[in-house]
Amino acid sequence: MVKRGRSIKNSRLAHLRQPPSGSIRSNGSGYSGTLSALLSDLRETSSRVASEFLDSRHGTSRAARLIERLRTAHAKPSLRRLFIVWAVLLGAMVLLLLNLVRLQVVQAPDLLKQARSQQTTFLRPFIPRRPVVDRVGNVLAIDQPVYTLYAHPIAFKEPKTVVAEKLASVLGQSPGEILRKLDSAESGIRLEVALSENAADRLQDLQIDGLDLAQQQQRLYPQQNLTADVVGYVDVDQQGQAGVEHSHKNLLERSIKSVRLSRTGLGSMMPDRIPGGFLHIDNLHLQLTIDSRVQRTAQTVLQQQVKKFGAKRGVVLVMDATDGALRTLVSEPSYNPNEYYKANVERFKNWAMTDLYEPGSTFKPLNVAIALETKSIKPDQVFNDEGSIYVDQWPIQNFDYSTAGARGMTTVTQILERSSNVGMVHIIQQMQPNEYYNWLQKIGLGQTTGTDLPFEIAGQLKDRKTFTESSIDPATSAFGQGFSLTPIQLVQLHGILASGGKLITPHVVQGLYDDAGQPYWQPIQNQNPPKQIFSPQTTQTVLQMMESVVQNGSGKAARVPGYRVAGKTGTAQKASAGGGYQESAKITSFVSIFPVENPRYVVAAVIDEPKGEDAFGSTVAAPIVKSVIDALITLDKIPPSQPTGQPPGQPIPGVTPTPGASPTESLDPAANPSAEVTPSPIQ
Amino acid sequence: MSAALKSSRRKRSDSNRSRVHPSALDARRTATFSPIGVKRLPSQDSVPTWVRSLLVVQQASVVATFALVGSVLAVYGWTVYSQQVWGKEYQHLETLRRNERQLTTNKEMLKDQIAKQGNRPGTVLTPQSPDKLIFLTPTSSQGSAATASPQAPPTGVEADSKGTAPLGY
C-alpha cells in the first residue's frame with residue numbers, strides 16, 4: 001500500500017514536472033493552448049487518483065494485505081507484555097478485593113442494619129389473656145386488641161383541615177374538635193384511646209401520613225357488672241386487681257414474645273425464623289362454677305330489695321353442697337369492670353369475703369347440730385323458754401318477748417321455728433364451754449374458708465380462756481352473737497349441714513378447660529376429700545328442723561310450693577366501733593338448704609343495714625332466696641319433692657301424679673337413677 | 001495481487017492432493033495384495049473397558065447433574081413459594097381469629113342486652129318459675145311393663161336399635 005501510494009505520487013509528480021511538450025509543439029506558440037492541455041492532463045490524473053481511492057475504500061486490497069500479514073506474523077514472546085497483562089488482571093482483582101473489604105468490613109454494620117430494617121419485621125402476635133367463662137360457657141371476660149391513635153402533624157402531607165375531616169368520619173368526633181387537638185402540638189398527640197380493630201382498619205385505608213396506631217390489649221367484660229365481684233378486673237397494665245383476675249392470674253396470663261420475621265419485597269412474611277409453637281396458641285379458658293343465669297336473677301332481686309329497704313349493701317351466695325362450687329356470688333352495689341376507673345374504690349373488695357359480721361340466728365342450726373352431735377340433747381327434747389333470762393347478770397331475751405312473753409315448754413324444732421334465743425342458750429348450756437369451744441373451732445370459726453377468691457379474711461372468735469371463763473360468751477354464741485364471720489363462711493357452715501356433715505371449701509374456679517371441654521388443670525381442693533364434721537343423721541335431723549322453720553316459722557317467705565326447702569332467718573345487731581351494739585343498724589340474712597330430701601344447694605342472702613320497721617331476715621332476705629331457688633329449679637330442672645298442697649313437715653315421698661304408681665318411688669336421683677334422667681320440664 | 005493469492009492457494013491444495021493419493025493407494029494395495037502381516041484396523045468392539053466405564057460415568061453424571069439441578073430449582077422454588085403461601089395463610093388465620101373474637105364478643109354483649117331488656121318493665125318476657133314447669137314422671141318399669149309395652153310407640157327404642165328407620169313424618 002505504502003509502496004503503491006508512493007508510485008502514484010511519483011508518477012503524478014513526473015507528469016507535472018514534465019513539460020507538456022506535445023501540446024506546446026502542436027499548438028505552436030499559443031499560451032492558452034498550453035493551459036488547456038495542462039488542465040486536461042490534470043483532470044485525467046485526478047480521475048485516476050479518485051478511482052484508486054475508491055478502490056482502496058472498498059477495502060479489497062487492504063483487507064487482503066492484512067490477512068496476509070496475519071498469516072505470516074510470528075508472535076514474539078515478550079516478557080514486558082506478559083507483565084502488563086498480569087499487572088492489569090492483578091490490579092483488577094485487588095480492586096475487587098478492596099471493594100469486597102469495603103462492603104463486608106467497613107460498611108458492613110450499616111448495611112446490615114439497613115437490610116434488617118427493610119427485610120425484617122417484628123411480629124408481635126396478639127396473644128390474649130385467657131378468657132373466663134361460666135359453667136355453661138357464657139363468656140365473662142375476653143381480651144380484644146384495641147388501638148391508640150397518635151397524630152404527628154409535623155409529618156402531615158395534607159393540610160390539617162383535610163386530615164381532620166377524614167378522621168372525623170372514623171373517630172366519630174367533630175372535625176373542629178380534632179383540628180383543635182391537632183393544633184395543640186407538633187407531634188405525639190393522642191387522638192383516641194381505645195379504637196376498635198375495624199376502625200383501625202378504616203384508618204389504615206385512609207393512608208394518611210403522620211398517623212400512628214399502637215396496639216394494646218383490652219379486657220372486655222361483656223356481662224358488665226354481673227360477675228364483677230367474682231371475676232374482678234384488670235388494670236391498664238393488664239394486671240388482675242380483684243376477683244379471679246387477681247387470684248388466678250398465673251392461669252390467665254400468657255407470655256407475649258415478639259418474633260422477628262423476614263419479609264419479602266411484597267411485604268408478606270417468611271416463616272423461616274419462627275420458633276416452634278408460634279402458631280399454636282392454646283385454646284384453654286378458665287371455667288368458673290358461677291352460673292350467670294342464676295347470677296342474673298339473684299342480682300335483679302337483690303337490687304330490688306336493696307332499693308326497697310334502702311339498704312347499704314347486700315350479697316347473695318349460692319353454693320353447690322356436693323363439692324363447694326359457688327353457683328352465684330352477687331354483691332350490690334357493684335361496679336362495671338369495663339370502666340373500673342369510674343367506680344368507687346370501696347366496691348373493688350368483695351365484702352362477702354372481706355367484711356365480718358355477727359351471723360345472729362342463722363348460726364342457730366349449727367349450734368343445734370353441735371349439741372346433737374355431742375349427744376348433749378335429743379331431737380325431741382323440750383326446753384323451758386322463759387322468754388327472758390339473765391346470764392352473768394346480762395339480760396338475754398327473745399326478739400318477740402315484748403309481745404309473746406314466755407313460751408313455756410318448747411321443742412328444739414320450735415326453738416328454731418320461733419328463733420328463740422333463750423331456748424338456744426338452754427341447749428348450749430347442756431354442753432361444757434370447753435367442748436363447745438372445741439366444736440366452734442372444729443367447724444372453722446376464727447379461720448378462713450380457704451376459698452379461691454382473693455383477700456379473704458378470717459373470722460373472729462374469742463380466745464379459749466375468755467370464752468370458757470365466763471358463761472355469757474357461750475350464751476351469746478348460742479344465738480350467733482359474740483363472734484364474727486364472713487358471709488362466705490356462713491355459707492360454708494351451712495354447707496356442712498347440706499353435705500351430710502362435710503366441711504367443704506367454697507370455690508368459684510372449676511378449672512382450665514380446652515375447647516373440647518377436656519380439663520387441663522383443676523384445683524386441688526376438688527380432689528381432697530373433705531373433713532367430716534357431723535354425722536349424716538345429725539345433719540338430716542337439723543335439716544328437717546330447718547324445713548319446719550320455712551313451713552311453719554319465720555322463713556315462710558321462702559316457701560316454694562312442691563319443694564322441700566329448709567332455711568333459717570337471721571336478724572343480727574351490728575357491733576359498733578366503740579364496743580356494744582348499734583341500736584338501729586342491723587344485718588339481716590336468710591340461709592336456705594334445698595331440696596331437703598337430697599340436699600344440694602345452700603342459698604344465702606345477707607343484707608346490710610336495711611331500713612324500716614319491717615326489716616327482718618324474713619322480710620328482706622327470704623324473698624331473695626325464694627327467687628333464687630325458683631331460678632335454680634327452672635334452670636337445673638329439679639323435679640318437685642311433693643305434690644302441691646300436701647301437708648309439710650313430714651318426710652315426703654316422691655311425687656306420683658300417675659295413679660297407680662308406687663308411692664315409695666322417690667325422685668331422689670340417688671334412690672331412683674331413672675328419675676334423674678327422665679323427668680324433664682315442658683315449658 | 002489478489003490473483004496471485006488465489007493462484008498460490010490453488011497450488012497448495014494441489015500439492016496436498018498429490019500427497020494424499022499415493023499413500024491411500026499404497027494402503028489399498030497392502031490390504032488387497034499382501035495377506036500375510038495384516039494389520040487389523042481398530043474396530044469399535046475393541047474400545048478398552050476403562051474408556052467405556054468412563055463414558056458410562058460421564059453419561060450418568062450428566063443425567064445426575066440435570067436431575068440435581070432440576071431438583072435444586074424445584075426445592076428453591078418450593079421454599080420461596082411455601083413461604084409466600086405461609087404468609088398468606090398466616091394472615092388468613094389472623095383474620096379468622098379476629099372474626100372468632102368479634103363473634104364471641106358480640107354474642108355475649110347481645111345476651112347481656114337481651115337479658116337487661118327482659119328485666120325492663122313492660123316487656124313481654126316473663127321469667128321462668130317452677131309453677132310453669134311440667135314434670136313428667138316416668139311410669140315404673142315394674143308391673144306396668146306388660147301393659148305399657150304394646151301401646152308404647154315403636155319409634156323410640158326400635159329406631160335407635162336399627163338406626164336406619166325413617167323418622168320424618
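For residues in the stretch A:410-444 being assigned to a loop (DSSP other than H, G, I, E, B) and crowded, with 23+ Cβ neighbours inside 10 Å, which is farthest from the chain's Cα centre (by Cα)? So that I can check it myself, show each step before the final result.
Quick first cut of the stretch A:410-444, residues assigned to a loop (DSSP other than H, G, I, E, B) only: A:418-420, A:429-432, A:443-444.
Next cut, crowded, with 23+ Cβ neighbours inside 10 Å only: A:419-420.
Working: A:419: 45, A:420: 48 Å.
Looking at residues that are assigned to a loop (DSSP other than H, G, I, E, B) and crowded, with 23+ Cβ neighbours inside 10 Å, I get A:420.
Return only the number of the condition from (1) over 19 Å from the mean Cα position of the chain (by Cα); (2) under 24 Å from residue A:451 (Cβ atoms); (3) surrounded by fewer than 24 Cβ atoms within 10 Å (Cβ to Cβ) that residue A:359 does not satisfy.
(3)
Do you know which residues across the stretch A:375-398 are assigned to a strand (DSSP E or B) and among the β-branched types (Val, Ile, Thr)? Talk me through it step by step, then tell me what you get.
Going residue by residue through the stretch A:375-398, those that are assigned to a strand (DSSP E or B) are A:382-385, A:388-391, A:394-397.
Of everything in the stretch A:375-398, those that are assigned to a strand (DSSP E or B) and among the β-branched types (Val, Ile, Thr) turn out to be A:382, A:389, A:391, A:396.
Scan the stretch A:325-349 residue by residue and report those that are of a type in the set (A, V, I, L, M), in a strand (DSSP E or B) and under 23 Å from residue A:311 (Cβ atoms). Spell out how you get there, then give the answer.
Pass one, the stretch A:325-349, residues of a type in the set (A, V, I, L, M): A:325-326, A:329-330, A:343, A:345.
If we keep only those that are in a strand (DSSP E or B) too, we end up with A:325-326, A:329-330.
Hits for the stretch A:325-349 are A:326, A:329, A:330.
Restricting to the stretch A:203-257, give me the number of residues that are assigned to a helix (DSSP H, G or I) and on the phi > 0 side of the Ramachandran plot.
Result for the stretch A:203-257: 2.
Given the criterion surrounded by 11 or more Cβ atoms within 10 Å (Cβ to Cβ), of a type in the set (Ser, Thr, Tyr) and at pLDDT 70 or above, identify the matching residue among B:30, B:79. Outline the logic, then answer.
Working: B:30 fails: at pLDDT 70 or above.
Criteria check complete, one pass: B:79.
For the stretch A:205-236, which positions are more than 16 Å from residue A:132 (Cβ to Cβ) and in contact with a strand residue (DSSP E or B) (Cβ under 7 Å, 6 or more places away or on another chain)?
Across the stretch A:205-236, the qualifying residues are A:210, A:211, A:212, A:213, A:214, A:215, A:216.
Residues of the stretch A:131-156 being charged (D, E, K, R) and out of contact with any Asp or Glu (no Cβ under 8 Å at 6 or more places or on another chain), which ones? So that I can check it myself, show each step before the final result.
Start the filter on the stretch A:131-156 by keeping residues that are charged (D, E, K, R), which leaves A:134-135, A:143.
Result: A:143, single match.
For the subset of the stretch A:120-148 comprising residues that are of a type in the set (Val, Ile, Thr) and surrounded by fewer than 19 Cβ atoms within 10 Å (Cβ to Cβ), which member is farthest from the other protein chains (Cβ to nearest Cβ)?
Looking only at the stretch A:120-148, we keep the residues that are of a type in the set (Val, Ile, Thr), and these are A:120-121, A:127, A:132-133, A:136, A:139, A:142, A:146, A:148.
Checking the rest, the ones that are also surrounded by fewer than 19 Cβ atoms within 10 Å (Cβ to Cβ) come to A:120-121, A:127, A:136, A:148.
On the way: A:120: 14, A:121: 11, A:127: 11, A:136: 11, A:148: 18 Å.
That would be A:148.
The values are calculated or read from the model by the stated rules, or taken from the named source; none is laboratory data. A quick note: this is a predicted structure, and the numbers were derived from the prediction, not measured. Neighbour counts run over all protein chains shown; Cβ positions are idealised from the backbone, glycine included.
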